[in-house]
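Encoded as structure tokens, here's the structure I'll be asking about.
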Amino acid sequence: MDQRWRPTVNEREFIEQALQSDLRVDGRRPFDFRKLTISFGREDGSAEVLLGETCVMGYVTAQLVPPYKDRPNEGTLAIFTEFSPMADPAFEPGRPGEAAIELGRVIDRGLRESRAVDMESLCVVAGKHVWAVRVDLHILDNGGNLTDAANIAALAALSTFRRPECTVGGDDGQQVTVHDPEVMDPLPLTIHHLPIAVTFAYFGDGNIMVIDPTYKEEAVMGGRMTATINSNGDVCAIQKAGGEGVMSSVIMQCLRIASVKAADITSKIKTKVDKYTTEKALQKVKRTPAIVAKEVNVPDVTMKESTHSAMENQTSKAPNDGQQISEGDENHQNTKMISTLTADRTVKHKQTPTSVGGPSNW
């Protein structure tokens, strides 16, 4: 692939002499990454990564397909890259070139062969239906180090992707029904670890190395190596792209540096994904207005029982256990009640004090 910027002899010497003094053109130290920004789209499974001036967008889709015959109970994962002349004038439209194929293979080797995504969880009906996951990586701007930016975009998109829920039924028990996301919540992918790609550029005789090279440094470098490693320090893949040879001691030093950088980038990806998931969950919550109890004014009612009402209440009492009272018994009860009330009234008159200056009247 032709470089969009071809350095002159003076520019090449300036960059190499600056690197010998542990200085870089953009002001970074040899093992410093450029500013990393991760953003997500409206739909699940879309992410955009901005690494310095390099911009890559990742988009994940899935569909039900028959599995491979040698792996009937495992899904598939495929990586596709698209280079557009809008990102770099050196990119040609049409079929992918060698650079696009190499980028896709490096990322595919780090993700698929390291078993980062659980393929068995993508199986619906063994031997008939499995989920085929496809990751499309679109290069929007080439500022150097496309491998690292594309790898982070693929991981961020896979972490936020949700596949539709499906059930198996029918007479034969092998009919698959794919449910709409509004009916049943989609399911996330099972990701065991995040393999992070860290690219090193070598200059001179291989004794000078830097991390995250820009497009100017890529035009001057003598060799390149990409180490894919997770936060636990497990080496998932190593790719040495042409150029001069590198000592084994230098490679071991690069792996130690890559392990530290991988842990840092992994924490950034997880933080962004957790924030995105929380915001999505809050948007799904339907809030209803609070119901305010209405005050009902009920006038106070004072019950005053008179002697006649008390007599009526006692008279209207129903007999217990279904017993009937004859008319003679009823008259006898009424006479007894009247005599009782008369006696009470007589007692009340006796207790009334006599008026002053005269005899008491009965």
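The values are calculated or read from the model by the stated rules, or taken from the named source; none is laboratory data. None of the values given here were measured: they were computed from a predicted structure. So basically every Cβ, Gly included, is an ideal-geometry build from the backbone, and we count neighbours across all protein chains shown. To get the accessible areas, we keep the full protein, side chains included, count just its heavy atoms, and leave off ligands, DNA and RNA. Shrake-Rupley method; radii C 1.70, N 1.55, O 1.52, S 1.80 Å.
Return the residues of the range 65-106 that are aliphatic (A, V, I, L, M), out of contact with any Lys or Arg (no Cβ under 8 Å at 6 or more places or on another chain) and within 24 Å of Thr190 (Cβ to Cβ); say none if nothing qualifies.
Val65, Val106
Tally time: how many residues in the range 111-167 are touching a Cys at 6+ places or on another chain (Cβ under 7 Å), of a type outside the set (A, V, I, L, M) and at pLDDT 90 or above?
So the count comes out to 1.
With the structure loaded, tell me whether Asp264 is within 24 Å of Gly27 (Cα to Cα), modelled with pLDDT under 90 and open to solvent by 40 Å² or more (accessible area, probe 1.4 Å) or whether it fails that test.
no
Hey, another quick one. Looking only at strands (runs of 3 or more DSSP E) that lie completely in the range 5-77, which have at least 1 residues being of a type in the set (D, E, K, R) and under 27 Å from Phe91 (Cβ atoms)?
46-51
In the range 120-127, is there at least one residue being of a type in the set (A, V, I, L, M), farther than 29 Å from Tyr276 by Cα and over 22 Å from the mean Cα position of the chain (by Cα)?
For the range 120-127, residues of a type in the set (A, V, I, L, M), farther than 29 Å from Tyr276 by Cα and over 22 Å from the mean Cα position of the chain (by Cα): present.
While we're looking at this one, here's another question. Here are Ile152, Ile107, Ile139: which of them is buried (at least 22 other Cβ atoms within 10 Å of the Cβ) and not in a helix (DSSP H, G or I)?
Testing whether each residue is buried (at least 22 other Cβ atoms within 10 Å of the Cβ) and not in a helix (DSSP H, G or I) leaves just Ile139.
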